[in-house]
Structures are given as structure tokens and as C-alpha cells.
1. ³J(HN,Hα) across the range 78-93 via Karplus (A = 6.51, B = -1.76, C = 1.60, θ = phi - 60°), whole Hz, x for Gly/Pro?
2. Which residues make up the longest stretch of the chain that has no trypsin sites (Lys or Arg not before Pro) in a DSSP loop with at most 16 other Cβ atoms within 10 Å?
3. Whose amide H sits under 5 Å from the amide H of R120, counting only residues 5 or more places off or on another chain, with H placed in the peptide plane?
4. Given that compact globular proteins tend to follow 2.2 N^0.38 Å, what is the ratio of the alpha-carbon Rg of the chain to that value?
5. For the range 42-115, just the Cα set please: Rg and Dmax, both in angstrom.
6. Please get the size of the charge dipole for the chain, origin at its Cα centre, with Cβ charges of +1 on Lys and Arg and -1 on Asp and Glu, quoted in debye to the nearest 20.
7. Would you pull out the residues with amide H under 5 Å of K37's amide H, same chain only if 5 or more places away, H placed 1.01 Å from N?
8. For the range 56-68, take each phi angle, set θ = phi - 60°, evaluate the Karplus expression 6.51 cos²θ - 1.76 cosθ + 1.60, and give the result in whole Hz per residue in order, putting x for glycine and proline.
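All of the numbers you see were taken from the coordinates with simple rules; none came from a lab. Keep in mind it's a predicted model, so treat the numbers as computed, not measured. FYI the Cβ positions are ideal-geometry reconstructions off the backbone, even for glycines, and counts take in every protein chain you see.
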Amino acid sequence: MFRSRRNGATNLPEINVALFAFLLNLPWELWQIPLFKGMPSLSHWEGVILCTRAALGDAVIALLAFWLVAALARTRGWMRRPSGATIGAFVAIGLIVTLALEYWATQVGGRWEYAAAMPRLPLLGTGLAPLLQWLLIPPLVAWLVRRQIQ
């Protein structure tokens, strides 16, 4: 039976977290276009660039969450055998960072605005789509990374 050995960068959890986070978040960012004021009226290329930047930012958040969980678990290999606690922490860190960034960007920094179609949290006014993104995508990232680095 042929067995391939994965060495180098393809076996590093950080590379896989960044790659899968980017690839899964990019379509989500594109899907959210109608939920942000002004996005549907941008040229196609401008929209693609903004969504790509956002997906790169999402990959950075995922890496930050990965490293914080690795520090708590005291191993970078925690995704090889993730527990409910490590996955929960990975998701929670992403949610907290996203909530803070979305609040700052929409309420303080004026970086972007939600369209009327964006459902929002009652007290903070933060959009639900970016929060759902961090509930759904990180567990899938962890599952894909685990399969890749085994």
C-alpha cells in the first residue's frame, strides 16, 4: 500500500489554519455583500478586493485564536486531537475578536455600515452574519486541519 509522508509546511497546523480559514471565509465574505451598505454598488473588482482583504483578516483572527488555544493547551498540536474545550475556546476567541472589531468598525471607527438587510444584536447593534461566520466556520477549519495534519 502506498503511503505518502507529509513533511514541511503542509504538516504545520498554522499553515493549514490560515489556508482553510481563508478559503472558507472568502465565499462567506462574498455572500455577505448585500448585508453591507454600499457594497452591492461597488465595481466587481472592488468588491472582490474588499472581500479578499476581509477573508485575509479572518485568517489572521483564526491564527490568533489557534495560537491562544495552543498556549492554553500547551501544544501547537492540539488540533490533532481536539477536545470540546479546545474547539470551544477556538470559536469563542474568534467570536470575541469579531464582536470587538465589528463594534469598533461600525460604532466607533466608521469603517463600514450595515445595510438594512443585516440582522443585528439588540444591545450592541453588531451584525449577526459576521457572528454566525465565527460559529460555523472555525469548527469546519479545525476538522479540515485535523484531517490534513494526521
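1. 3J(HN,Hα) across the range 78-93, in whole Hz: 4, 6, 5, 9, x, 9, x, 5, 5, 5, x, 5, 4, 5, 4, 5.
2. Working: sites that count: R3, R5, R6, K37, R74, R76, R111.
The longest uninterrupted stretch comes out as 112-150.
3. Those lying under 5 Å, H to H, from R120 are L128.
4. 1.13
5. For the range 42-115, the Cα radius of gyration and maximum Cα-Cα distance read 15.4, 46 Å.
6. Numbers: 13 positive and 6 negative charges, 170 e Å.
Roughly 820 debye, rounded to the nearest 20.
7. E113, Y114, A115
8. 5, x, 5, 5, 5, 4, 4, 5, 4, 4, 4, 5, 5
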